[in-house]
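Rule-based calculations on the coordinates, nothing more; no lab input. Everything numeric here is computed off the predicted structure, so don't read it as measured data. Reconstructed Cβ throughout: ideal geometry from the backbone, glycine too, with neighbour counts over all protein chains shown.
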Amino acid sequence: MKIYKTVLKEGYFLLEEKKSRFIARAKPVFTEQEAMDFIQSIKSACWDATHNCYAYSIDTDSVYQRYSDDGEPQGTAGLPMLEVIKKKGLQNVVVVVTRYFGGTLLGAGGLVRAYGKACVGGLEDAGEIQVKPCHKLKISIEYHLSGKLQNMLINKGFIISDTEYTHEVTFTIYSPMEKRENLENNIREITGGVLRLEDEGIEDIYIDNKGNVLKIKNNEKND
């Protein structure tokens, strides 16, 4: 499991160039089949379009990158779109740009710019995010030490998602995988060597370009 960049949701962007309409739709996907299903759904819905060009990049056990010019001159549509995706460093994303011809030829350079610009617009509307796998952990601690622990968690960049007050204080937190050992060492320093940590598995944290946590997606649970 690794950190990667993708998009948060479906995105839409309309570009008009010399009366031709370029409609970009971007979507997060996790498998090549999901990408192909999305492409086919656009082709079915926009059956009357002049072209439905696409590009996608899927990173599972291997990286799958595909594109199609769908009848446009070779290298003027799908490839520029894939280059946008690669330049932005995005994975697990598909973009389809539908073109309705307006009667004026754009030339190879004009097509490259139009498809590239439409792709950028669709991705930006979809919301570019970072996906970071984190350990979900519960930390139990005595009341008189809870303030010190809370300050450490905040200052060290751990995400506190819930705090439960019973006969003790229990924090539910998300720790980046590479910071797990550092977290345990800090807890021991605060408690004098006591570590009461419950591991609840690994979940993906979705973070926007300002560092805000947008949502959490469950991946797996430890037995």
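Might you check whether a residue that is at positive phi and either surrounded by 13 or more Cβ atoms within 10 Å (Cβ to Cβ) or assigned to a strand (DSSP E or B) (or both) occurs anywhere in the range 167-174? Looking for residues that are at positive phi and either surrounded by 13 or more Cβ atoms within 10 Å (Cβ to Cβ) or assigned to a strand (DSSP E or B) (or both), one finds none in the range 167-174, hence no. Screening the candidates Lys5, Lys43 for the property of being out of contact with any Cys (no Cβ under 6 Å at 6 or more places or on another chain), charged (D, E, K, R) and part of a strand (DSSP E or B) yields one hit, Lys5. Taking the numbered list (1) within 26 Å of the chain's Cα centre (by Cα); (2) in contact (Cβ under 8 Å) with a residue 40 or more places away in the chain in turn, Gly110 passes all entries but (1).
Going by the conditions given, is Ser140 surrounded by 15 or more Cβ atoms within 10 Å (Cβ to Cβ), in a strand (DSSP E or B) and touching a helix residue (DSSP H, G or I) at 6+ places or on another chain (Cβ under 6 Å)? Walk me through it before giving the result.
Working: surrounded by 15 or more Cβ atoms within 10 Å (Cβ to Cβ): yes; in a strand (DSSP E or B): yes; touching a helix residue (DSSP H, G or I) at 6+ places or on another chain (Cβ under 6 Å): no.
For Ser140, the condition - surrounded by 15 or more Cβ atoms within 10 Å (Cβ to Cβ), in a strand (DSSP E or B) and touching a helix residue (DSSP H, G or I) at 6+ places or on another chain (Cβ under 6 Å) - is not met.
For Tyr100, the conditions (1) over 14 Å from Ala118 (Cβ atoms); (2) surrounded by fewer than 22 Cβ atoms within 10 Å (Cβ to Cβ) are fulfilled apart from (1).
A Cβ distance below 6 Å, combined with a sequence gap of six or more or placement on separate chains, defines the contacts here; from the range 63-80, residues that are farther than 14 Å from Gly107 by Cα reach residues that are of a type in the set (D, E, K, R) and outside any strand (DSSP E or B) in the pairs Tyr64/Glu32; Gly78/Asp69.
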